[in-house]
Structure formats: C-alpha cells, structure tokens
1. Taking the condition of being within 25 Å of residue 276 (Cβ to Cβ) and touching a helix residue (DSSP H, G or I) at 6+ places or on another chain (Cβ under 9 Å), how many residues in region 68-84 meet it?
2. Restricting the search to region 129-143, which residues are farther than 18 Å from residue 162 by Cβ, out of contact with any Asp or Glu (no Cβ under 9 Å at 6 or more places or on another chain) and either surrounded by 14 or more Cβ atoms within 10 Å (Cβ to Cβ) or not assigned by TED's automatic domain parsing to the domain that holds residue 172 (or both)?
3. Can you run down the residue pairs with Cβ atoms below 8 Å, 6 or more apart or on separate chains, where the first is in region 83-96 and on the phi < 0 side of the Ramachandran plot and the partner is part of a helix (DSSP H, G or I)?
4. Going through region 58-92 one residue at a time, which ones are within 19 Å of residue 19 (Cα to Cα) and within 27 Å of the chain's Cα centre (by Cα)?
5. Is it the case that some residue within region 44-62 is touching a Pro at 6+ places or on another chain (Cβ under 7 Å) and either at pLDDT below 90 or surrounded by 14 or more Cβ atoms within 10 Å (Cβ to Cβ) (or both)?
6. Could you please tell me which pairs satisfy a Cβ distance under 6 Å, a separation of 6+ or placement on different chains, a first residue in region 37-59 that is among the charged types (D, E, K, R), and a second residue that is part of a loop (DSSP other than H, G, I, E, B)?
7. Are any of the residues in region 169-190 surrounded by 13 or more Cβ atoms within 10 Å (Cβ to Cβ), part of a loop (DSSP other than H, G, I, E, B) and either among the β-branched types (Val, Ile, Thr) or modelled with pLDDT of 90 or more (or both)?
8. Show the residue pairs that are 6+ apart or on different chains and have beta-carbon atoms under 6 Å apart, the first residue being within region 100-128 and over 14 Å from residue 243 (Cα atoms), the second being part of a loop (DSSP other than H, G, I, E, B) and modelled with pLDDT of 65 or more.
Amino acid sequence: MLKIGDFSKLAGVSVKTLRHYGALGLLCPAQVSGENGYRYYGQEQLCILNRILALKETGFSLEEIKGILQAPLPKDALLGLLQGKLQQTEQAILQAQEAAAGLQQRIRHILSEEAYEMVDITIKKVEPVLVASIRRQGLEPDDFAGFYSVIGEDIGRHGVKEIAPIMVIRHDGVCIDGVWDWQAHDWEAIVQIDQEYTPGNPDIRVYRLPAVERMACMVFRGAWGEPIRLATEQMLKQMQDGGLRYAYPFREIFHYGEGQSDDWSTFVTEVQYPLEK
C-alpha cells in the first residue's frame, strides 16, 4: 500500500487531483487510517487511474467517466459513445480552425493598407421555425414590403400570433458592386408564427423553415439600402477571404426597424448566410 503522496508521485498526478477524484467517487483510497486519516492506495489502482486520465484526455467529463467506470458498457454502447465524442471533438476542431482563420484575417487587415472596415461575423446553429410566407419574383423592395401586412391580417383572422421578428429570404438576385437585377429577384416574405393553420389567402404558404447547422451571421445597425448593401458585400468578401463557402438562399431578419423607429440609423438587421459543409 502507498500513502497518497507516494501514489501521487508514482502516478504523475497531484495530491489535490487524487482527493478530488475521491470526493467524486471516481477513485477512492483502498484504505483510510482510522487514527490519522491517512489515505492509502494499492498499486492495482494505477490501472483505474490510467483509464480515468485516458478518457479525460479524449474529452469525456469526470461525470461521464464515473458512469463508464461504475457500469461497464456493452461494446456497441461504448462504440456509440466514443463515436459521439469524436464528432464533438471534430466540431471543436472546426470551430478552432475558423477562429484561427478569423484572427489571421484581422491581422492581415491591420497590416494592410485597405480602407474598408471589417464587419463582425459569427457562426451559429439556427433552429427550425414555423412560418407563414408569400414568395414573389421580379419585384422591387417597395412593392414587396406590403406582403407582410397581407400575412399579418390573415394570421390575425385565424387567431395565430407572430412570435419573432419578420424576415425576408432571398433565393437569388444578389446585389453585387451596387448593381441589382430586379427581374432576377426571387424573394420570400416570412412571418414566424406560433401554430399551424390553413391560410385564407391562397398566396400564403405555411410551412416549417428547416434548421441550418452552420449559419454565418452579421448584425448591422443602420439604414437599409446602400449602407446594409455595402456591409453585406463586406461580409461576403471576408467569408471568401477566410475560406468559408456560403450558399443560398440567405436571410435578412429585421430585429428593429419600421414601425418601431423613424430614425433609420437605429435599425437593426441580421444577415444570415448558410455555410457549405
């Protein structure tokens, strides 16, 4: 039997760590002296400690490790657990790589003589949402805006509530270098709702907008039109420079705008682009 200090040196872990593992029930001393409370460990407990450390290094929490040690899993169950942890690790690596790319991009920007101002881009998972929508092609923004009122009136007649900011989904017709192709526009007015219903207006479609695992997002504060167009172009440029492959359709969510303020400079719009895997 070894005192806790000797066992600590032999195992290469601190006494504090051994005491912590004991308190959690992960690795309790083989014997505790009744007279002085000294903790003693057997050499065979090195095997248990080694397994704890190995599982910890692969990303398992101490609580997860405790469950594995207390109730050994069948081969298939253990395999599933390890595969799930591998997916989590790969996702963490991907996030770290994206963070490193973002840092590199900001460093290059500071060192360069480019005059543009960088925008802040985050990547998040977007959950599915129930929506009512009207989709049209070839309209200018002023002609398109009235569809939100049409949807609002219809859901109101059916006792359905709007539960989040309105948005537009742009299926195509992207503004590049200040030039819009209005005939190519394929836009969808979206209102997020709290329940399924059968629309009274045949132009309205009710469906569940699918989740997006990796969505690049920029939150813009300022007027619509030219300012947000320039910010969106900058967003796309930064994603391209950072090696992020974006896809369509993309979304614009109007968190704060018309009907809430007459000051366009206070408008808050979120631009979202799905990322390819």
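1. The total comes to 0.
2. Matches in region 129-143: 139 only.
3. none
4. Residues satisfying the conditions are 61, 62, 63, 64, 65.
5. The answer is no; no qualifying residue exists.
6. Listed by first residue and then by second, the contacts come to 39/29.
7. Within region 169-190, one or more residues are surrounded by 13 or more Cβ atoms within 10 Å (Cβ to Cβ), part of a loop (DSSP other than H, G, I, E, B) and either among the β-branched types (Val, Ile, Thr) or modelled with pLDDT of 90 or more (or both).
8. Cβ pairs passing all conditions: 109/118; 127/211; 128/210; 128/211.
The values are calculated or read from the model by the stated rules, or taken from the named source; none is laboratory data. Small disclaimer: the values here were computed from a predicted structure and weren't measured. Don't worry about glycine lacking a Cβ; one is built from the backbone with ideal geometry, like all the others, and counts go over all protein chains shown.
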